[in-house]
Amino acid sequence: MTLRCLPITLWLAASLAACAVAPLEVMPPASLAGVAPWAVSGRQGWMPNRALRFGDYATRDLKSRERDRTTACPGGCTHVDLGLYQRRYDDAFRTASQQLRFTLVGPAGAEADVQLTSQLDQQRRDWITRWFGVPTDFGADFTRQISVIGTVQPADAAQPGWRFALRDDGTLPLQGWAEDDTGRRVTLTPLQQFKGRDGRAATMPGFAQGQAFGYAFELEGQAVAAVSTHGAGTVWIKPDAAPELRLSLAGLASALLLRREFGH
């Protein structure tokens, strides 16, 4: 253990002792402070056929593959508008060594198909900018270090599908981006604050740049949702957001909550 890590380790040990009485409570962005948090169930100790649930949303038909290859995309793969690169994406998903797919069910029976894949080889990673149109302001490093790509496709064909890409190199906070077929873009920013004993926001002493308790989803510079990946998990989604946006944000939150459970 390096001296750099020692203060964080000691702090965590003290925090765990305190958590026996009061679990660490991750703080969402200030713009979501008035939004009721949804506790997540079904994430820890996950077993086959168990659903992930939070608020009005639940997963169904959750399937994961690792070090396996399929011969066909279930359900015909994604219908997100990827233009000429649709087939390339479907082939990448079909042959990926790690993949996760599930259906998210929301209020009034609304559904969305969510799929993500990791363990991309360099050739496929090089195609990412053309497949997904990754914004140039994310920089070349983001494209080179993308570790996960995926889509959220509402069952209602009138609703736009979303494509997303995540970078997680183990040293920096997971950086993510999602965009729908109409051009709306959501960026992920790390959650690094928790509720202190005095009830105010606090930050872990010596909190490293590569650590986060979860992520906020920012649309047009404003946080519209957030997910805590600490412990069992927590989700916040603005109640005044359009139902179709809420469904897709819930799909993104579910993908972040589940990716670690399957080694993504």
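The values are calculated or read from the model by the stated rules, or taken from the named source; none is laboratory data. Keep in mind the model is a prediction, meaning the values are calculated, not measured. Because the Cβ atoms are built from the backbone with ideal geometry, glycine has one as well, and the counts that use them run over all protein chains shown. Protein only, heavy atoms only, side chains kept; ligands, DNA and RNA dropped before computing areas. Shrake-Rupley method; radii C 1.70, N 1.55, O 1.52, S 1.80 Å.
Only one of 39, 72 is at pLDDT 90 or above and either open to solvent by less than 80 Å² (accessible area, probe 1.4 Å) or under 22 Å from residue 224 (Cα atoms) (or both). Can you tell me which?
Working: 72 fails: at pLDDT 90 or above.
After applying the criteria, what remains is 39.
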request  = Kindly indicate the residue of the range 181-195 that is touching a Leu at 6+ places or on another chain (Cβ under 9 Å) and within 16 Å of residue 154 (Cβ to Cβ) and also most open to solvent (accessible area, probe 1.4 Å) among those meeting that condition.
outcome  = 184
request  = Out of the residues in the range 198-249 that are at pLDDT below 95 and of a type in the set (Asp, Glu), state the one that is most open to solvent (accessible area, probe 1.4 Å).
outcome  = 220
